[in-house]
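Beneath this line is the structure, given in structure tokens, with notes to follow.
The values are calculated or read from the model by the stated rules, or taken from the named source; none is laboratory data. What you see is a predicted model; the values in this text were computed from it and never measured. We place every Cβ from the backbone using ideal geometry, glycine too, and count neighbours over all the protein chains shown. The area values use the complete protein model at the heavy-atom level, side chains included, leaving out ligands, DNA and RNA. Shrake-Rupley method; radii C 1.70, N 1.55, O 1.52, S 1.80 Å.
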Amino acid sequence: MKKTESDKLFKEAKTLMPGGVNSPVRSFKAVGGIPHFIARGNGPFIFDEDNNKFIDFTCSWGPLILGHNNKLVKDSIKEVLEFGTSFGTPTRRENLLAKLIIDSVKSIEKVRFVNSGTEATMSAVRLARGYTNKDLIIKFEGCYHGHADIFLSNAGSGLATFDQPTSPGVPQSVVDSTITLDYNNINQVEDTFKKYKDKIAAVIIEPITGNMSVIKPKNDFIFGLRSLCTENKALLIFDEVMTGYRVSHGGAQEYLKVEPDITTLGKVIGGGLPVGAYGGKNEIMSHVSPEGPIYQAGTLSGNPVSMSAGIAMLKQLQNKDVYDYLNEITNYLANGLKEISEKNNYPLIVNSYCSMVGIFCTDVTVNSYKDITQSCISNYNKLHKYFLENSIYFPPSAYEALFLSTEIKKKQIDHVLDTFNRFSKAH
Ligand SMILES: *Cc1c(COP(=O)(O)O)cnc(C)c1O
């Protein structure tokens, strides 16, 4: 595969930006090799600067659930550009997107728009702390909630003790109030609530994970979180930046039938432009400034261009056929992969929820971050490389989820399955 342009651009980029990128996982550091510079996308395909064509299973890390270059999203951006891009005033389209979100996500009665998922989660935690008048936050190892200081920590040595920073530049004092526990272990959460009685403001979780690939919560875990939070007057925050409008129209909360107190959104709701949001019951959201005392603001928040793209996206997602199709095509991929792996005796676990798919190159059930082994990762890296050589763009890290779009058809999945058959026979 010719890669001269990408190689040249990456060499230059490395002199201009740290690692040549503006977000680390793009650099291919996890899988090895040099990233492809993408020049354009159309439907299910992306094309790099050397004009190599790939079937895209990343969808810009989630947002593009209707594929690349969606006509109605593109038209809506063109239309709004005629009138100017930002005013720093209230605008009509903010109401429209807010209504679309409130209508589809059950636990949201009021919503605040921000510009990224990171902003949404850090604002949600501030709201939870301000609302409960408590400081401690519980999160789970392997969940990603953006790059705010409070989340860049891990459990360190002892369980249910305070965290250690995972990045230089994050002060110990900032993560002194973050506690990281194991996903799918309700006993740890129960013990922590006992140990820090009346001190825990919130539990934040990816209700179905997408950042340690795709792991579903066990029933006793997710329902247990709900009741522990209620009993202890702590807020349950579902970080649905990835799962929102992905695992179902109403997000993971609809799929799992568990209602959080605060929900964060991003990715899909921006239609490919920068948008994040957090929302919840009116009673909680009314504590946000200027209605309440908890401060949070944004110069470009709710700008008409992002709102317009989001509206065009969410309007199309009101059609139930979208999710029926995504379920069907995702099952076709997931079942195909499972059958082939069994036939060829290749260890593979496939976790799929509507348009999100997690593959683990192992035959042991994966319930938490610790279950993802080194061999899982090195096997995935081999698969990733082989797929890329066969024009299939899987995420360049074993910890990332595959995303399907409505533009992917059986024909493309058949190519993936054929490729996987050849790969798994040889390994
Ligand atoms: C992507 C993601 C974020 C961060 O969103 P950004 O827009 O990249 O800041 C937060 N939480 C989850 C679950 C995500 O998948």
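Between residue 156 and 164, the built amide H atoms are under 5 Å apart, and every one of these is 5 or more places off in sequence or on another chain.
Taken over the C-alpha atoms, the chain has Rg and Dmax values of 21.3, 62 angstrom. Residues whose amide H comes within less than 5 Å of that of residue 181, counting only those at least five positions distant or on another chain, are 139, 140, 141 (H built at 1.01 Å from N in the peptide plane). Taking only protein heavy atoms and a 1.4 Å probe, the accessible area of the chain is 52% carbon and sulfur.
With only Cα atoms counted, segment 71-316 has Rg and Dmax values of 17.8, 58 Å. Calculated [222 nm] ellipticity per residue, helices only, for the chain: -12000 deg cm²/dmol; basis is -39500 (n - 2.57) per DSSP H run with n ≥ 4, divided by all residues, nearest 500.
Taken over the Cα atoms of segment 98-144, the convex hull encloses 107 Å³ per residue. Please name which of 390, 287, 297 has its Cα lying farthest along the dipole of the chain towards the positive end, using unit charges on Cβ (Lys, Arg +1; Asp, Glu -1) and the Cα centre as origin. Selected residue: 390.
If you bin all the Cα-Cα distances of segment 304-348 at 10 Å, starting from zero, the percentages per bin are 24, 27, 23, 17, 9, 0. Taking the inverse of the mean 1/r over every pair of distinct Cα atoms in segment 93-204 gives a Kirkwood hydrodynamic radius of 15.2 Å. Using DSSP H assignments, which helices in the chain have an axial alpha-carbon span of 27 Å or above and a mean Kyte-Doolittle hydropathy of -1.0 or higher? TM-like helix candidates: 320-343. For the set 126, 246, 93, the ranking by accessible area, highest first and with no ligand, DNA or RNA atoms included, is 126, 93, 246 under a 1.4 Å probe.
Counting charges near residue 198 (Lys, Arg +1; Asp, Glu -1) among other residues having Cβ under 13 Å from its Cβ returns a value of +4. Think of a 1.4 Å ball rolled over the protein heavy atoms: the chain then has 44 Å² of accessible area per residue.
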